[in-house]
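In what follows, a structure is listed as structure tokens, so that the remarks can point back to it.
The values are calculated or read from the model by the stated rules, or taken from the named source; none is laboratory data. No experiment lies behind these values; they were computed from the predicted model shown. Glycine gets a Cβ as well: all are built from the backbone with ideal geometry, and neighbour counts include every protein chain shown.
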Amino acid sequence: MDLFSYRAEREQQRSAPLAARMRPETLDELVGQDDVVGPGTLLRRAIEADRLMSAIFYGPPGSGKTTLARLIAKYTRSAFVTLSAVTAGVADLRRVVDEARERLGMYSQKTTLFIDEIHRFNKAQQDALLPHVEEGLIILIGATTENPFFEVNKALLSRSHVFALHPLRPSDLKTIARRAVADPERGLGAMPLDVEEEALDHWVRYAEGDARRLLGALELAALTTPPDERGRIVLTREVAEASIQRRAVVYDREGDSHYDTISAFIKSVRGSDPDAALLWLAKMLEAGEDPLFIARRLIILASEDIGNADPQGLVVAVSAFQAVERLGMPEGRIPLAQATTYLATAPKSNASYKALEEALGEVRRGMDLTVPDHLRDAHYPGARALGHGRGYLYPHDYPGHWVEQSYLPPGLAPRSYYRPSDQGYERTIARRMAGRSNGRPTDAEEEL
């Protein structure tokens, strides 16, 4: 590198955003993700020994995926090549493969290929990588914010280790911020800066585990706040609030966040926690989720998880769907909230759902389901001559509108698929069924 190139590179480093300047230069500088890359971990040992196999780094924005890849580049003796799946195509992959083959043949040097946002590669592009990863010509490192088990070719995935990175903890973010404030070379240490603890707490809270967002807000505040009469730049809570405006909800309607959030929502309703359910509902609505999708899931839940413990739950869920369909948004959020809170606080039973699954299991195992003569349709001409309907007992002709008779296929022993719980209205159903098994109406039936 000549003097001009060196100065240009140094100037580019100085003008880079604070988050880029503060990237760790060694593994020991890396903050957070100790369970993935801490001392003694599989990944840490592999990096330090330069024995890394193909890997996928999966985690939210700002959790350190790209930083980790850059650190690997410093530790490895292989050629380190970077591509972005946003701009690269199959031609770029072929060029990298050709250069890797030439490098290996001439210098016995391996090639490590880092692909940022690998989930953006289509199937053909991922397939183009597969044979070269398989033969060991390329060591692949992919970074993705999307679940690789959904977004990455299964064959490619089976040849890679998946490392899941998590949002950084508040203590990690504070360490990163304080390091940036104190560092005079790469950080803001050369500035007359005073950062109040309340300001730091605010950034940490609203960065939501994203170090890049935290450092961006810190840098903006430091560069735009005028010095006080003492010449000090004081970053207060008010300054912090202005520098990190309300964050857009991280949500991909076709990706992980979509499925994870609706899962958390349904599990909160099933778990009878209306407050948690409302929080997840608010996240989905704020992120622009289809409200009819939410309403459909509530209808399913009303039957699967509440069922006959509160039959009104299904009525409320269907009514909410119809209300949202007619009202649209934003007013549709109101019946959605009503249905969510009603279903969350309703008694729960999955007895109906379990009963159906049990019956389906027997049908799929090949049970003989011949309809007995007394249950066959006897309304068309000639049906009676065939014996259809013969021996059928009409329940309304008997006390309590019930009479004991078999409704199962011929020769099949009695079954007990539906076993009502002791929750809500199913207690009444259980008493009624118990009375009928004894051949008499129950008190509950008589009351009704």
Legend entry - Residues that are small (Gly, Ala, Ser) and part of a helix (DSSP H, G or I), drawn from segment 272-321: 276, 277, 282, 295, 302, 303, 307, 309, 313, 317, 319, 320
Inset, instruction - Taking residue 353 as meeting all but one of (1) of a type in the set (Phe, Trp, Tyr); (2) over 30 Å from residue 408 (Cβ atoms); (3) touching a Ser or Thr at 6+ places or on another chain (Cβ under 8 Å), write down the number of the exception. - result: (2)
Legend entry - Subset of segment 297-314 (residues that are touching an Asp or Glu at 6+ places or on another chain (Cβ under 9 Å) and over 14 Å from residue 342 (Cβ atoms)): 307, 308
Inset, instruction - With the condition kept exactly as written, say whether any residue in segment 157-168 is outside any loop (DSSP other than H, G, I, E, B), among the aliphatic types (A, V, I, L, M), touching a Leu at 6+ places or on another chain (Cβ under 9 Å) and buried (at least 17 other Cβ atoms within 10 Å of the Cβ). - result: no
Legend entry - Hits in segment 78-130 (condition: in a helix (DSSP H, G or I) and surrounded by 19 or more Cβ atoms within 10 Å (Cβ to Cβ)): 93, 96, 100, 118, 119, 126, 129
Legend entry - Test: residue in segment 87-107 that is within 21 Å of residue 155 (Cβ to Cβ), touching a residue at least 60 places away in the same chain (Cβ under 8 Å) and not charged (D, E, K, R): no
Legend entry - The one condition in (1) surrounded by fewer than 17 Cβ atoms within 10 Å (Cβ to Cβ); (2) modelled with pLDDT under 90 that residue 185 fails to fulfil: (2)
Inset, instruction - Might you check whether a residue that is surrounded by 11 or more Cβ atoms within 10 Å (Cβ to Cβ), in a helix (DSSP H, G or I) and not small (Gly, Ala, Ser) occurs anywhere in segment 405-422? - result: no
Legend entry - Filtered residues of segment 43-70 (kept if in contact (Cβ under 8 Å) with a residue 40 or more places away in the chain and in contact with a helix residue (DSSP H, G or I) (Cβ under 6 Å, 6 or more places away or on another chain)): 43, 52, 54, 56, 57, 58, 59, 62
Legend entry - Of all residues making up segment 280-295, the number that are of a type in the set (D, E, K, R) and buried (at least 20 other Cβ atoms within 10 Å of the Cβ): 1
Inset, instruction - Sort out which residues of segment 423-448 are of a type in the set (Ser, Thr, Tyr), in a loop (DSSP other than H, G, I, E, B) and at pLDDT below 85, and write them in order of number. - result: 442
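Out of 354, 348, report the one residue that is touching a helix residue (DSSP H, G or I) at 6+ places or on another chain (Cβ under 7 Å) and of a type in the set (D, E, K, R). Walk me through how you get there before you give the answer.
Details: 354 fails: touching a helix residue (DSSP H, G or I) at 6+ places or on another chain (Cβ under 7 Å).
Answer to the selection: 348.
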Inset, instruction - Note down all Cβ pairs under 8 Å where the first residue falls in segment 188-207 and is in a loop (DSSP other than H, G, I, E, B), the second is among the hydroxyl-bearing types (Ser, Thr, Tyr), and they're at least six residues apart or on different chains. - result: 196/236
